[in-house]
Amino acid sequence: MVAGASGLVLGALWGLVFPINKGIWTSSYVVFTGGAGSLLLGIMFWAMEFKRWKGWAKPFVVYGMNAIAVFVASGLLAKLLGLWRVQGGDTSMKGWIYRSLFASWADPMNASLAFALSYVLFWLGLMWLLHWKRVFIKI
C-alpha cells in the first residue's frame, strides 16, 4: 500500500511537469494509475484477508468465475448492437437504446454513464444466473 500511495503521489507530481494523458500513455499517467491500482489492490487485500469483509466482493467472484465468457459475450453483443440497424437503417440498435432509454432523461455525460453501468449490470445478472446454476465456462 505504501508503494501504491507513493506511485499515486509521484505520478501526480510528475503530472505537473509532464501532463497525465491516457490517450498517449504518458509516463506520469502510467505511474499514477499504477499507484492507484496498487493502492486499491492493497486496500482490498487488507479488507478481505485481515478484516474478513468478504460480502461486498460477491459480484467480483461472480464475474471472475466466467471472466472469459463475459468478456467475449459482452464484446460480441456490443458489436452486434452497433451493426444492427433500426428505424429504416438510419441508426444502430445501440444508438436507439441509448437515445430511447438514457438520453431522454439525462445529459450526454450522465446518459453515457447510465448506459455503461446498465450494460455491466445486465451482464452481471446473466453471470449471476450462471453462477447460481453452477455453470462455469472454461477454455
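The values are calculated or read from the model by the stated rules, or taken from the named source; none is laboratory data. As the structure is a prediction and not an experimental result, all values here were calculated from the model. When we count neighbours, we look across all protein chains shown, and the Cβ atoms used for this are built from the backbone with ideal geometry, even at glycine. Accessible surface areas use protein heavy atoms only, side chains included; no ligands, DNA or RNA. Shrake-Rupley method; radii C 1.70, N 1.55, O 1.52, S 1.80 Å.
A count restricted to the stretch 1-26 and to residues that are touching a residue at least 40 places away in the same chain (Cβ under 8 Å) and out of contact with any helix residue (DSSP H, G or I) (no Cβ under 6 Å at 6 or more places or on another chain) stands at 0. Within the stretch 48-82, the set of residues being of a type outside the set (Phe, Trp, Tyr), open to solvent by less than 80 Å² (accessible area, probe 1.4 Å) and within 17 Å of SER118 (Cα to Cα) comprises PRO59, VAL62, VAL70, ALA73, SER74, GLY75, LEU77, ALA78, LEU81, GLY82. Filtering LEU101, LEU126 for residues that are within 25 Å of PHE60 (Cβ to Cβ), in contact (Cβ under 8 Å) with a residue 12 or more places away in the chain and open to solvent by 50 Å² or more (accessible area, probe 1.4 Å) leaves a single hit, LEU126.
In the stretch 83-94, which residue that is modelled with pLDDT under 90 and not hydrophobic (A, V, I, L, M, F, W, C) is most open to solvent (accessible area, probe 1.4 Å)? For the stretch 83-94, the residue satisfying everything is ASP90.
Taking the criterion of being under 18 Å from the mean Cα position of the chain (by Cα) and either within 25 Å of PHE122 (Cβ to Cβ) or of a type in the set (S, T, N, Q) (or both), would at least one residue in the stretch 3-14 satisfy it? Within the stretch 3-14, not a single residue is under 18 Å from the mean Cα position of the chain (by Cα) and either within 25 Å of PHE122 (Cβ to Cβ) or of a type in the set (S, T, N, Q) (or both).
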